[in-house]
Each structure stands twice: as C-alpha cells, then as structure tokens.
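Q: Just dropping this structure here.
Each reported figure results from applying straightforward, stated rules to the coordinates on display, with no laboratory input. Small disclaimer: the values here were computed from a predicted structure and weren't measured. Here the Cβ positions follow ideal geometry from the backbone for every residue, glycine too, while neighbour counts run over all protein chains shown.
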C-alpha cells in the first residue's frame, strides 16, 4: 500500500513516522514544493521516494494533504481529479469550513475525509517532525456522513492505530471552537512577542529577566507565518470575534488596574482561574 | 544560624528547601498568616518551627519576606524595627520600587537587601514549593549600594550557593522590565482564559479540542489572584503602558485579518518570530 504525503513538514512528517511504526511495509511517497524539504524527508526516513504530485497521487491508495490551508484549497481539486477509484484523500488542515465547501463541489467528494489533529508545536519542516506528535492526541473529523464508508474505515483505522481519539462535528462547529482554543492563543502569543520586542528596547534585559512563565506564554510566537496567515484568513469571522472579545477583556482589565480597583482585579483573575479545571484535565489525558 | 521565612508558600518554601540541602544545620522558622500553611510547611520539612512574626525575627540572623507584595509593604517596617543588630532582612517580591522607597525611610535600611528571583510557577502554597525552583535561575538585586556589605555578603552568598546568577539594577529599571517580560504575560494569559471560558460556552469542546499550544499559552491564568493583584497595582504605570501597547498590536492585527491583508499579517508574525532568538537562549541556559 502506497501513501502520498503532500507537504512533508511537521504534521505530514509526524503522521508518516507514526504510521511507519505500525505498518513497516507501507510505502511513503513525498510531495513538496521545496526540493530541500523533499531531500530532508528522504534523509530522515519520512518517505521512501519524492515525486511530483501527479505521479504520486496516481500510485496511491491514500493521499494525505498536509500543506498550509491556502495550498490545500489549491491542491484538493487536482488531487481529487487524479485520485484512483477506491483510493482516499485526507486533509489535516487547521480550518475546515472552506475546505469542506470546496470538497462538496467535487464529484469525488465521497473519497475525501476532512480531518484535523489537535496537535502541533511551534516548529515546522521535516526536521521538526517526530513520531510521538500525534499518538495520544485528539482528532476531529468533519462532515463524516459525506465520506464513503470504506474511505472512512481506512482513515479512521489509521488514526486509531497510531493512538488518536476521534471526535466528529460539522466544519462550522470546528472552526468556531478552534478560533477560541487555538487560533486566538496563537495571535495572543504573536502580539505578546511583538510588544516585548518592539517596546522593551533592551533585548539583554528580556533575556536576563524572562522566566519560564514568559517562555511558556510567548512560545507560539515562534510559529510559522506561512502556515498561520492563511488559517487566520480562512477563519477570519470567528477569529475576529474571538479577538474582539479578548481585546475587550484586556481593556477592562487595564481600566481596573488604572482605577486601582483591587476587588474587580481579584474577581477577574478568580474567574480566569477556572481554566485550571480544563488544563488539569488536558494534562492528565 | 536561624532563618525566618515569612510566607511559607511557593517562593519562600522553595528557597528554604534549596538552602536546607546546602546547609543541613541551618534552622528554619516559618511565619504565616494561615495556620494550615504553617502546618503544611512543618509537615513538608520546609521549616522546623512556626512562630509569630515578633518571636521569629527576634531569633533570626536572616529574615526572608516571601509574602504578596502588598503584605511585604505592611511587614517590612515591623521586621526592620525588630531586626537584631547584624541581622539581615531580605524580600523576594515581584515589584521593587514601592518596597525600596519604603525601605529608604527606615533607619535600618542598610540591613535590608531587595531581591527578586526570576522564577515561579502557576501554583502557590507550601505544597507547590520544590527544591529545584530557584537553582539555575537569575536573581535581581536592587539598590545594592544601599545595603551593608556584610548583609549583602550573606544574601548573595546564599543565592549563589543554591546556584542562582545575580544581576543588579535600580528598582525603577526592574519594575519597567518586569512589566514587559512577566506582568504583561500574566495579564495576557488571565484575559485569554477568561475569553475562552466566557465566550466559548461549550467547556467540553475546549477540553476536547485544546492542544498543548493552548495549555502553554494560558497556563499562567492558573496563577494566584492574591499574589498578582497587588503586583499589578504597585507597578500600574508600567503595566498600563505595556498593556496599552499590547492592545494596540492586537487591534492592528485584528484590522489586518478583517482586511484580508495577508502581506501585513505575514510581516507581523515574521517580526514576532524574532522572539525565537531570545527563547532559544533562555531554554539553553
């Protein structure tokens, strides 16, 4: 069985490495716009061969789209056009609504499975891929009822085999929730990084005085702009709402600090403390 | 030699545990407004005895103030009043200007050392204390020239003995830098936690869909309100400026997303990516 990984970066590479452990005879073909990424993916043992998209898809039982979400929109119609009868196409994009709407317009919609693993790091490229990224994490499948039973069986079996837990929802629900639990935290980190870099002029002071709390909060500011700009764009209505709410809370908190209103300041933080319940659950799973 | 730890929580407790390893014969006396915290500190082996502040200070060669910064302002004059000749008082507060201004008004100013370790976690209380919190971390001493040479020698020796690296600056410099590299990241996390909890009504969805990136960014929202409200209040001019700059960047980014201005969105994130240089340095040290 041949699997094509289109985009041999953090996510596509990590998926291939996890699958390889469970299915040692599975053959992996890499497709990547970057020649260097293809070479690195071969050197790391992520894929057995690098081919142009057309040739790769023609040989594959499963095609995994793991490119930035704007590139997925460009590649998906071509991949479905070229997809062999009985084969399955799968995407791992961080937004789902525009991708699913596009898929709905294609005659081979049933051969497509729209998926999104709740996993990532702030690093990117084949060098950042690692076998342990996906096992133990959650995976969302959208519009499950629009996919053919056999295509679903393949995709869901592989995700479960590498230790992922599956959840199902509409692409609209997915994009709304992701705006809050993922996209907003990336923007908050990017803006925090920028504020500290551009307003705190003494970079040595940042370095000497920053603690693990700062590192943790700003970590996502290291993330790939090429990956995130199209995510924010495709989910802009939800992201804009989430960001407006976040800015509103920050403005309220600033007013409370300016007013020396300790009681409201304490109340604000005590309400935020409830997040401990959610985080402790995430850390335990 | 007897050391009093006033406030046997995360920071005071961790300092005592680290010192105990280097100085097994050092005697530790705990002072805490909470009877339960005193009992827990005894049970954990942080202190050998719990006493009222007056008795503790009377017996001590070193008195460590590790209470919230508003309580430090209340306790510092009393501690200095009661401090034995030749003894040293030390504070570990996260703000330094108001504490140093208050110390300057006391006749025993020279027996006081104003310090702040660049370390912490989102947890609090004696149960959260651990021996490894401070070793390897940086420590700021403010207004070093106002402290007596012998008092400084004791404080600096102990910090160096447990593996801390010392830096020196004015309390004004300290509070300005901390607003950016610590206080702002706490507010950004508190506001992020609150936005997600109050706008994303489906708590199960947060739980199922949040990844390690979300956990990392929002982690500080678990921090103690009683500790942080007085920090933001004492450093409110700097915190308010930092927060205004942060809100401004977020508003710009929201506009860029609303306008579908991908070029500026990419530029914004590429500028934020420079933080990688700082963070990679912090992780290596």
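Q: List, shortest first and in nm to one decimal, how far the label point of residue A:165 (7 Å from Cα along Cα→Cβ) is from its counterparts in the other copies.
A: So the distances to the same position in the other copies read 4.0 nm.
Q: Taking beta carbons within 10 Å but only from partner chains, what does the mean come to for residues B:218-228?
A: On the way: counts 11, 8, 6, 10, 9, 5, 3, 10, 3, 1, 3.
Neighbouring Cβ atoms belonging to other protein chains average 6 per residue here.
Q: How far, in nm to one decimal, is residue A:44 from itself in the other copies if the label point is set 7 angstrom along Cα toward Cβ? Shortest first, please.
A: Here the equivalent label points are 4.0 nm apart from this one.
Q: Once the cut-off is 31 Å, how many percent of the Cα-Cα pairs in chain A end up in the long-distance tail? Display every interim value, and only then the final one.
A: On the way: 13323 of 40470 pairs.
For chain A, the fraction of Cα-Cα distances above 31 Å is 33 percent.
Q: I would also like to ask the following. One decimal, nm, shortest first: give the distances between the label point of residue A:264 and those of the same position in the other copies, each label point 7 Å from Cα along Cα→Cβ.
A: List, nearest first: 3.1 nm.
Q: Also, quick follow-up: Taking the inverse of the average 1/r across all pairs of different Cα atoms in region A:2-169, what Kirkwood radius in Å do you get? List each step's numbers first, then the result.
A: Numbers: mean 1/r = 0.0649 Å⁻¹.
Hydrodynamic radius (Kirkwood, Cα pairs) of region A:2-169 is 15.4 Å.
Q: Sticking with this one: In nanometres, what is the gap between the two model label sites at residue A:26 and residue A:81, each 7 Å from Cα along Cα-to-Cβ?
A: About 2.8 nm, to one decimal.
Q: To continue, here is another question. From largest to smallest, what semi-axes in whole angstrom does region B:136-192 give when each is the square root of 5 times an eigenvalue of its alpha carbon gyration tensor? Write down the numbers at each step before the final one.
A: Details: eigenvalues 150, 43, 10 Å².
Here the semi-axes work out to 27, 15, 7 Å.
Q: Under a GNM of chain B (C-alpha, springs under 10 Å), which listed residue has the highest mean-square fluctuation: B:257, B:140, B:187?
A: Maximum fluctuation in the GNM of chain B, among the listed residues, is at B:257.
Q: Report the FRET efficiency, 1/(1 + (r/R0)^6), for residue A:104 and residue A:150, where r is their Cβ-Cβ distance and R0 is 22 Å, rounded to 0.05. Could you put the intermediate results ahead of the total?
A: Details: r = 20 Å, r/R0 = 0.89.
Once the sixth-power term is evaluated, E becomes 0.65.
Q: Using only the alpha carbons of region B:174-284, what is the convex hull's orientation-averaged projected area in square nanometres?
A: Working: hull surface 35.3 nm².
Averaged projected area of region B:174-284's Cα convex hull equals 8.8 nm².
Q: For helix B:35-44, what angle does its Cα long axis make with the longest principal axis of chain B, in degrees from 0 to 90 and rounded to 10?
A: 80 degrees
Q: Nearest 5 percent is fine: what portion of the DSSP beta bridges confined to region A:78-206 is antiparallel?
A: On the way: 4 of 12 bridges.
About 35 percent, rounded to the nearest 5.
Q: Determine the calculated [θ] at 222 nm for chain B from helices alone, applying -39500 (n - 2.57) to every DSSP H run no shorter than 4 residues and normalising by the residue count; nearest 500 deg cm²/dmol.
A: After summing the helix terms and dividing by residue count, I get -17000 deg cm²/dmol.
Q: With a Förster radius of 25 Å, plug the Cβ-Cβ distance of residue A:203 and residue A:132 into 1/(1 + (r/R0)^6) and report the FRET value to the nearest 0.05.
A: Given R0 = 25 Å and the Cβ-Cβ separation, E is 0.15.
Q: Now a separate question. Can you tell me the 0 to 90 degree angle between the C-alpha axis of helix B:10-22 and the longest principal axis of chain B, rounded to 10?
A: 50 degrees
Q: Then there is this: Averaging sequence separations of C-alpha pairs under 8 Å and six or more residues apart, then dividing by the length of region B:174-284, give the relative contact order as a whole percent.
A: On the way: 43 pairs, mean separation 35.0, N = 111.
Relative contact order comes out at 31 percent.
Q: Please report, for the Cα atoms of the protein assembly as shown, the Rg to one decimal and the Dmax as a whole number; what are they, in angstrom?
A: 26.9, 89
Q: Still on this model: Under the definition of Cα pairs under 8 Å and six or more residues apart, what whole-number percent is the relative contact order of region A:2-169? Walk me through the intermediate numbers first.
A: Values: 354 pairs, mean separation 41.2, N = 168.
Worked out over region A:2-169, it gives 25 percent.
Q: With the contact rule set at Cα under 8 Å and sequence spacing of 6 or more, what percent relative contact order holds for chain B? Display every interim value, and only then the final one.
A: Values: 448 pairs, mean separation 46.9, N = 285.
Taking the mean separation of contacting Cα pairs over the length of chain B, I get 16 percent.
Q: Please determine, in degrees from 0 to 90 and to the nearest 10, the orientation of helix B:225-234 with respect to the longest principal axis defined by the Cα atoms of chain B, where the helix direction is its Cα long axis.
A: Helix B:225-234 sits roughly 90 degrees off the main axis of chain B.
Q: Continuing with this model, one more query. Only residues of region A:210-254 count here: report those whose backbone N is under 19 Å from the spot 7 Å along Cα→Cβ of residue A:261, or say none.
A: A:245-254
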